[in-house]
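Read through the structure below, which is laid out as structure tokens, and then see the notes.
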Amino acid sequence: MQPTRQIQAWLLLLPALCLLVAFTHYPVIKTIVRSFFGFGTRWESQATLENYRYLLEDEVLMQVLYNSFLYAAITVPVSIVLAIAMALWVNSKMAGKGILRTAYFTPTVLPMISVANIWLFFYSPEIGLLNKLLGLVGHGGINWLGDPEVALYSLMAMTIWKEAGFFMIFYLAALQTIDSNLYHAAAIENANKWTVFRRITFPLLMPTTLFVLVNALLNAFKLVDHLFILTKGGPNNASNLLLYYIFENAFSFFDTAYAAALTVLMLVILVVLALLQFGVIEKRVHYR
Amino acid sequence: MPCFLRVSGLSRYYDNVAAVDDISFEVNKGEFVALLGPSGCGKSTTLKMIAGLEQPDEGIIEIDGSNVVDKSPGKRNLSMVFQSYALFPHLSVKENILFGLKARKVHKTEQKKRLASVVEMVDLGQHLNKKPGQLSGGQSQRVALARSIVSNAPLCLMDEPLSNLDTKLRADMRSEIRTLQKKLGLTVVYVTHDQIEAMSMADKIILLNQGSIEQADVPENFYNKPLTTFVASFIGHPPMNLIPHNDVLLGVRPEHVSIVEDNGLDVTVRECDYQGSETIITANYKDSLIRACLPGKRTIPDGSVVKLRWKPETEHLFNNKNGHRVPAGTTSVFPFHQL
């Protein structure tokens, strides 16, 4: 009885397992193996650490890593703070909150490519909306995507605009599970709005915050679509991010081996970040 | 005794339906008043309006001589115990109790002093660092109680605080709350649907029905002198028998009815319900049911005819149109009394 059940179980798992192995596990292993071999397709050559050695010397990579971390360090907290603020707002009793909720959520529904195209119209130097507005107040305009000092921040603004609404939905759902009697109890004690938020709402939202934080951080490294439309990583790599750099190496420079090494680096970064988050924050999260 | 809480002409409408309809009452300082009634009678709404968690559409609420209708809940100098306890799940017992004092920025040493005395009063010493999720129902109840006492507010509102506890614990907590209330001289407004709680704890009961006061009185008068048929059928277990007779309704409590050999009312037995110390016999008399509560175990076959009788002084009479109590006549209603 027992062995047949085992076989049955494996047979049932087989279809999903085939897909997982073919499209996830095998490529991961292949990537790791590939990262130990030289440029191009010379499989017969000796395994080497050359790709990893180059990681340390690659100045563009340093720029890209700096960009990626700055990108995450700014977009993640700002989106979360905005998401909480919007959720608190649309959770209150007021007229037209349904419309407001929809409005906040719309950017999430749009594909990143469309969003980037919309923002391209905002950011264009001559005909762009932002520069037109600046022109009204007599400002000469900013080269939003062409100025190396500004380009990365322009991308961040767009990302925050797109992500905050998505995270708001999670916070909104979490807010609605909080017992309204807790707020009544706090009101009886004359607790002001800030105390209520700091001592009740925010701590009770912690599980959601952890979830959103993990997702936001992963997204910050995973989102790359907008770069194709807006800056292509330029000017002079000022807005280049790790994933786009991997793409460039693999499909523009055809250095698949180095791209594989970069991919391994990215995997390591993401795993370390996830472990840190679960380890550090979970201790301070209240789960009911 | 000075009046501490005065409610006058209080009304609250939901979609033009009155949940609370023009009610007025007074509570003296140090008094324990129960707002009693079936669910949906407006008792919780009334309490929430006193607390300031809901705004009345009409009426005045005076606490210690000043109208508080426009004040926020935190400025009314009262405390509240919620039915679900409303403990903050992420805070320890200690932090739950101190929440109000911290929000009101009470001095640290004063906080410590009050915490120590309250914790001793409700016996929570070993649980101070636990989270509410780790507490039993009774312990959670004590934390909620401690949180309200620690505020030193002279008026305490309680919204069915015992309804989530089992019967045994409820009985213990009843006397404990009553003892605390007397010791601290608290003025308490206590909402409940449980007549036993109201009867055993309250100095005064206000019985509500469909948003209006049916009777406001000391507990014994609810049993001895119900003002309406609603009160008569709400108080007592099982409730009072109401027997239509000519143009009145005759009320008599099941525990005052006995079975006699002769000179009684002929009824047909429908059911015998044995409950340990007593047996409740349900019988048909014409179109109405009469219950009799007899001591010990009694088994009477269904369908058999027995004679019921009660003393004339245990009778209550009600107008059969509006249900109001009418003074007992000089002659008894049922002919068997003359026999």
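Quick look at the numbers
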| read-out | value |
| --- | --- |
| Some residue of segment A:92-102 being crowded, with 17+ Cβ neighbours inside 10 Å and of a type in the set (Lys, Arg) | yes |
| Helices (runs of 4 or more DSSP H) enclosed by segment A:192-288 - at least 3 residues per element that are closer than 21 Å to residue A:28 by Cα | A:206-222, A:242-247, A:256-282 |
| Any chance residue A:268 is of a type outside the set (Phe, Trp, Tyr) and at pLDDT 80 or above | yes |
| Residue in segment B:108-118 that is away from chain A (no Cβ under 11 Å), loosely packed, with under 14 Cβ neighbours inside 10 Å and of a type in the set (A, V, I, L, M, F, W, C) present | yes |
| Neighbours by Cβ (under 9 Å, 6+ apart or cross-chain): first from segment A:118-135, in contact (Cβ under 8 Å) with a residue 40 or more places away in the chain and among the aromatic types (Phe, Trp, Tyr); second outside any loop (DSSP other than H, G, I, E, B) and open to solvent by 40 Å² or more (accessible area, probe 1.4 Å) | A:119/A:157; A:119/A:161; A:119/A:229; A:123/A:129; A:123/A:130 |
| Selection count, segment B:82-102, where residues are open to solvent by less than 20 Å² (accessible area, probe 1.4 Å) and either part of a helix (DSSP H, G or I) or away from chain A (no Cβ under 14 Å) (or both) | 7 |
| Candidate set: segment A:165-180, residues that are assigned to a helix (DSSP H, G or I) and open to solvent by 40 Å² or more (accessible area, probe 1.4 Å); chosen: the one farthest from the other protein chains (Cβ to nearest Cβ) | A:166 |
| Residue, farthest from the other protein chains (Cβ to nearest Cβ), within segment B:121-136, restricted to residues that are in a helix (DSSP H, G or I), surrounded by 18 or more Cβ atoms within 10 Å (Cβ to Cβ) and not hydrophobic (A, V, I, L, M, F, W, C) | B:127 |
| Hits in segment A:61-105 - residues which are in contact with a helix residue (DSSP H, G or I) (Cβ under 7 Å, 6 or more places away or on another chain), in contact (Cβ under 8 Å) with a residue 24 or more places away in the chain and farther than 19 Å from residue A:216 by Cβ | A:61, A:64, A:90, A:91, A:101 |
| Given (1) more than 18 Å from residue A:144 (Cβ to Cβ); (2) at pLDDT 85 or above, index of the condition residue A:100 fails | (2) |
| Single residue of segment B:47-79 satisfying the filter (assigned to a helix (DSSP H, G or I) and of a type in the set (D, E, K, R)) that is nearest to the chain's Cα centre (by Cα) | B:48 |
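One line per residue, one yes/no per condition, for (1) open to solvent by 20 Å² or more (accessible area, probe 1.4 Å); (2) among the small types (Gly, Ala, Ser); (3) within 14 Å of chain B (Cβ to nearest Cβ):
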position: A:195; (1), (2), (3): no, no, yes
position: A:198; (1), (2), (3): yes, no, yes
position: A:201; (1), (2), (3): no, no, yes
position: A:212; (1), (2), (3): no, no, no
position: A:219; (1), (2), (3): yes, no, no
position: A:236; (1), (2), (3): yes, no, no
position: A:261; (1), (2), (3): no, yes, no
position: A:264; (1), (2), (3): yes, no, no
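The values are calculated or read from the model by the stated rules, or taken from the named source; none is laboratory data. Owing to the predicted nature of the structure, the values given are computational and were not obtained by experimental measurement. Here Cβ is always computed from backbone atoms with ideal geometry, including for glycine, and neighbour counts include all displayed protein chains. In case anyone asks, the SASA skips ligands and DNA or RNA and just uses the protein heavy atoms, side chains included. Shrake-Rupley method; radii C 1.70, N 1.55, O 1.52, S 1.80 Å.
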